[in-house]
Amino acid sequence: MRRRRSRFSPGPFILHVGVLLFVCSNIVLAERFDSLPRLPRPGSTARRPKSRIVLSVDDHGARGDGIGDDTAAVGNVWKLACSLSAPARILLSAQKTYLFRSIDFAGPCRSKITIEIAGSVVAPKDPEAWEGLNPHRWIYFHGVKHLTLEGGGKINGMGQEWWRRSCKTNATNPCHPAPTAVIFHRCKDLIVRNLRVINGQQMHVAFTNCLRVRASNLGVIAPAASPNTDGIHISASRGVQIEDCIIRTGDDCISIVSNSSRITVRDIICGPGHGISIGSLGKSKSWAEVHDVLVNGALVSNTDNGLRIKTWQGGGGSVTNVIFQNVWMENVSHPIIIDQYYCDSFEPCPNQTSAVQVGNISFMGIKGTSATEKAMIFACSDDAPCEGLYLEDIHLVSHTGGTTRSSCWQAHGSVSGRVYPPPCLSFEDRDSFIKQKTQSGSENFHSF
Ligand SMILES: *[C@@H]1O[C@H](CO)[C@@H](O)[C@H](O)[C@H]1NC(C)=O
Ligand SMILES: *[C@@H]1O[C@H](CO)[C@@H](O)[C@H](O)[C@H]1NC(C)=O
Ligand SMILES: *[C@@H]1O[C@H](CO)[C@@H](O)[C@H](O)[C@H]1NC(C)=O
Ligand SMILES: *[C@@H]1O[C@H](CO)[C@@H](O)[C@H](O)[C@H]1NC(C)=O
Ligand SMILES: *[C@@H]1O[C@H](CO)[C@@H](O)[C@H](O)[C@H]1NC(C)=O
């Protein structure tokens, strides 16, 4: 177990990523960003109310040796903090490793709580530890308002054995659910910053039914071959900002699904993995709406997809007002892709007559290299064609030196500025109007 304390603060580096990239486009990210210097932790000491009570889990029976089970001790400290009328800070010391089994942090609490993870938190490595427990969760926060999770430390899901037993790793394995490492459910006014979440059993960090979330300076890391290990997952949430994060996993870096809106993603380093995805939506004829999403500033490298919207046939609802801009691609298999025929099942999916409507989606300033010839794919539904697609200032060339092309089916929209590969949209004449609408609709999300 690595005990090195990491002050994970990529922020200022990412801000300069755009500049850096144009200077040396063949940057080797892994090396560059693994050796980040230790920077001061933003905001962790400033403006701390005087009345804050500090509760060290070490004073309440936690062993922090990585072997003894600290679940009960930490759970009790949470209950205590949650019952206090003054804001509390729960401290997990640096240089210690706390073993959590499946753990529940339930709200509502009487006042604000900050959890400072300066050291490490680890999961049991053996899936049998979940026997009799909910297999979908490991660290589970629910019904909590005004929570801050920070501290410069590390949360390690110890996912190796879960991945080995996954049916996606070996089709002869039975398919079983695996826990999401950290879930925030029905949260409000949440801050998660300056932490590393690694080797998640499945998804790493999920926000479900949350309102107002700020996630920044996170490092989310798992091997490229680990199955279903989404980095950050957003579901049924409103007002989520994700900034200055490095995400390298085996699945989507960021996935945004059903009934989410006002989502802002800025200055992200993504890859390997499956890119930044909206969806999948509409599975099993479900209804889903995703709107007002802004992705501004990302470096996406060696991923299976870059910017993707994926919907199953037969669903309902819509994806609208989405802007992807200022994204640098490096050897990405499908840098831009809208797929309304998504089908992630062993059986082929038959064509159906309904679809999640996809409209008013802008791609602006998307540059770099594609690992495949098909740099832009718009595979839209016959019954609900894509409308209001907008392309501006796109330059996606082949990583290996061949040509690139775009592919369109039922894709309507407009183009401005230089776009390479040559676009294939069926042109609409409402261009400027739509562009304006899409932009203004997405700029004032910030609820903070
Ligand atoms: C998949 O699992 C089966 C049964 O355990 C085993 O025989 C086989 O070697 C495994 N295949 C791979 C690729 O690991
Ligand atoms: C999304 O919201 C709609 C309408 O409120 C609801 O019917 C549907 O079940 C929700 N979908 C999910 C996946 O939460
Ligand atoms: C580029 O991507 C392809 C396909 O994912 C992969 O096989 C290849 O190793 C990558 N090249 C580099 C230089 O990373
Ligand atoms: C489903 O529809 C797509 C687009 O119209 C078409 O290319 C494909 O062949 C159809 N598949 C089947 C099984 O009918
Ligand atoms: C796209 O925006 C235009 C203008 O605001 C609006 O009329 C249209 O309904 C939108 N389309 C979708 C699919 O949301």
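Numerical summary
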item: Cα centroid separation - the stretch 113-176 against the stretch 235-306, whole Å; result: 20
item: Global geometry of the stretch 271-373, whether rounded, prolate or oblate, following the gyration tensor of its Cα atoms and the 1.5 cut on a/c; result: oblate
item: Probe 1.4 Å - accessible area at Thr311, Å² to nearest ten; result: 0
item: Probe 1.4 Å, protein heavy atoms only - accessible area per residue of the stretch 127-205 in square angstrom; result: 40
item: Set of the stretch 71-88 residues, backbone N closer than 19 Å to the point 7 Å along the Cα-Cβ line of Ile53; result: 73-88
item: Check: the stretch 253-442 dipole with +1 on Lys, Arg Cβ and -1 on Asp, Glu Cβ, in debye; result: 240
item: Dipole of the stretch 253-442, positive direction: furthest Cα of Tyr420, Ile268, Ala355, with charges on the beta-carbon; result: Ile268
item: Farthest positive-ward along the stretch 253-442 dipole, Cα basis, beta-carbon charges - from Asn259, Thr404, Cys386; result: Asn259
item: Accessible-area value, His412, 1.4 Å probe, nucleic acids and ligands omitted, Å²; result: 60
item: Accessible heavy-atom area order of His233, His136, highest first, probe of 1.4 Å; result: His136, His233
item: Förster-model FRET efficiency, 22 Å R0, Ala225 and Ala94, C-beta, rounded to 0.05; result: 0.10
item: Among Asn173, Asn209, His142 the positive-end extreme of the charge dipole of the stretch 131-215 (Cβ point charges); result: Asn209
item: Sequence of Ser280, Ser398 from largest to smallest accessible area, 1.4 Å probe; result: Ser280, Ser398
item: For Val358, residues with placed amide H under 5 Å, excluding near neighbours; result: Val319, Glu387
item: Only Lys, Arg (+1) and Asp, Glu (-1) charged, at Cβ; the stretch 169-248 dipole about Cα centre in debye; result: 220
item: Cα-centred dipole magnitude for the stretch 105-211, charges only on beta-carbon of K, R (+1) and D, E (-1), debye, nearest 20; result: 300
item: Residues Ser345 and Ile67, FRET efficiency given R0 of 30 Å [Cβ-Cβ distance, rounded to 0.05]; result: 0.15
item: Full-extension gain in nm, Arg165 to Lys285, via 0.36 nm per residue minus C-alpha separation; result: 40.2 nm
item: Rough spin-label spacing in nm, given labels placed 7 Å along Cα→Cβ, for Thr353 and His176; result: 4.3
item: Accessible-area value, Arg308, 1.4 Å probe, nucleic acids and ligands omitted, Å²; result: 20
item: Cα gyration tensor, the stretch 207-317 - rounded (a/c under 1.5), prolate or oblate; result: oblate
item: Global geometry of the stretch 253-442, whether rounded, prolate or oblate, following the gyration tensor of its Cα atoms and the 1.5 cut on a/c; result: rounded
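The values are calculated or read from the model by the stated rules, or taken from the named source; none is laboratory data. None of the values given here were measured: they were computed from a predicted structure. Don't worry about glycine lacking a Cβ; one is built from the backbone with ideal geometry, like all the others, and counts go over all protein chains shown. Surface areas here come from the heavy atoms of the whole protein model, side chains and all, with no ligands, DNA or RNA. Shrake-Rupley method; radii C 1.70, N 1.55, O 1.52, S 1.80 Å.
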